[in-house]
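Notes for the one structure printed next.
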């Protein structure tokens, strides 16, 4: 069957809820203000999303290997940030090639163990400070976009008036009851003091206060320090997957 464009939110939601944990980010993209940045492609029991709201252009695919191959072949994107589970990797061969593939794990909040500390809420007026912090060392904020600050779920820690730690969300949806904690970063000279746990705890607390219960995050498998920090807050690994910038190897005819 030929993949087709899908715009019906009810049908998209039904498909995404077949694997709610894998679809964490895509579910939040159903919200007004996010949905307008989405292109959805579908097959029976399968779905692909291209999200155009941030520059790396995430590509998400839900489905078995055969459906994944058909959906990827139908996408018009020459480059995107491709997210695939292990059973989907072979299906991408010959269609997209990772420039650099990151082996990731998705963790979900199972039993919240907050680390207390003094934090402050961050809003759009703090965007410059946040971007300066991300640029202060070994890189951070790859999935940060200023519009995320409008969620009201960013917080930080300052020392001598300078922002040294930040956490927020990449997506959050009150309507769908899901959130992905992210954009977590501590200035290199302030690490090892539990600041990441403190700002992450503050974000989780704020999410739970508005009734969001499905709270996840992504972390690279090699980042043992971050994994331990999130485990101390109460996150547990639920599955692994691959992500990274991927380029199309051949131009396929995209059918409506």
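Summary of values
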quantity: The one condition in (1) touching a residue at least 24 places away in the same chain (Cβ under 8 Å); (2) touching a strand residue (DSSP E or B) at 6+ places or on another chain (Cβ under 9 Å); (3) not in a strand (DSSP E or B) that residue 232 fails to fulfil; calculated: (2)
quantity: From the options 49, 109, residue that is surrounded by 18 or more Cβ atoms within 10 Å (Cβ to Cβ), in contact with a strand residue (DSSP E or B) (Cβ under 6 Å, 6 or more places away or on another chain), under 26 Å from residue 173 (Cα atoms) and free of Cβ contacts under 8 Å to residues at least 24 places away in the same chain; calculated: 49
quantity: All positions within the range 124-136 that are outside any helix (DSSP H, G or I) and surrounded by 13 or more Cβ atoms within 10 Å (Cβ to Cβ); calculated: 136
quantity: Filter pass, residue 209 being surrounded by fewer than 20 Cβ atoms within 10 Å (Cβ to Cβ), more than 15 Å from the chain's Cα centre (by Cα), assigned by TED's automatic domain parsing to the domain that holds residue 118 and closer than 29 Å to residue 19 by Cα; calculated: yes
quantity: Meets criteria (surrounded by fewer than 21 Cβ atoms within 10 Å (Cβ to Cβ) and at pLDDT below 95) for residue 141; calculated: yes
quantity: Residues of the range 159-176 classified as crowded, with 17+ Cβ neighbours inside 10 Å and either outside any loop (DSSP other than H, G, I, E, B) or on the phi > 0 side of the Ramachandran plot (or both), total; calculated: 11
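The values are calculated or read from the model by the stated rules, or taken from the named source; none is laboratory data. Since this is a predicted model, take the numbers as computed values, not measurements. In this analysis, Cβ positions are derived from the backbone assuming ideal geometry, glycine residues included, and neighbour counts consider all displayed protein chains.
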